[in-house]
């Protein structure tokens with residue numbers, strides 16, 4: 001049984017949406033408060049919770065996970081079917097927002113760790129340009145399939161951030177992913193945070209706020225089609 005996403009409604013006229021995926025073992029509640037404090041008033045935030053499933057990396061223990069993690073070796077085996085299936089679910093969420101009146105270029109896709117990896121893959125393989133991608137402490141999954149798998153615009157902005165003291169997803173993974181992304185994407189920002197482990201910080205969240213504002217603006221005075229927004233979490 002799937003868990004309903006945490007939804008934080010816009011406090012002004014709803015003209016933009018952020019869909020943000022948590023990391024392994026977390027839930028949609030884990031990031032909702034932090035994101036609510038930095039989003040513009042016209043932005044709705046959706047924080048889904050991953051399905052509970054066995055994770056090979058954790059000896060088959062069942063936990064919220066977007067897809068199976070077999071290893072943290074950047075060249076190791078990946079759960080290709082699971083990654084692609086999870087991405088389709090995220091694309092369905094994007095499509096639902098579009099059908100509710102929010103244009104794709106007013107929708108930010110983001111995530112942390114495994115959720116950030118899913119955000120990158122979902123956005124790059126979507127068929128409509130999104131506002132931007134927030135990719136925190138993560139990597140590009142199925143990286144060997146890019147740029148061939150790119151179906152989105154090459155100029156969608158990507159804000160990628162990583163701590164230099166991350167013992168879970170090493171900084172090198174983020175750097176390698178950013179280097180690859182820059183070979184076929186035109187607007188990639190990669191920022192490193194000194195002393196930050198596998199977590200976030202006020203400085204990082206301030207930078208996320210600035211990036212999102214630069215993509216979709218701070219004003220709610222933007223005409224859109226009539227939105228249908230009645231989901232309750």
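Each value in this text was obtained by applying a stated rule to the coordinates, not by laboratory testing. Values in this document were obtained by computation on a predicted structure and should not be read as measured data.
Data for the structure
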{"quantity": "From the coordinates shown, Rg/Rh (Cα atoms, Kirkwood Rh) corresponds to which of [x] 0.94; [y] 1.01; [z] 0.97", "calculated": "[x]"}
{"quantity": "Computed [θ] at 222 nm, helices only, for the chain once each DSSP H run of length n ≥ 4 contributes -39500 (n - 2.57)", "calculated": "-9000 deg cm²/dmol"}
{"quantity": "Rounded to 5, the percent of DSSP beta bridges in the chain classed as antiparallel", "calculated": "25 percent"}
{"quantity": "Normalised contact order of region 6-216, rounded percent, pairs of Cα under 8 Å and 6 or more residues apart", "calculated": "17 percent"}
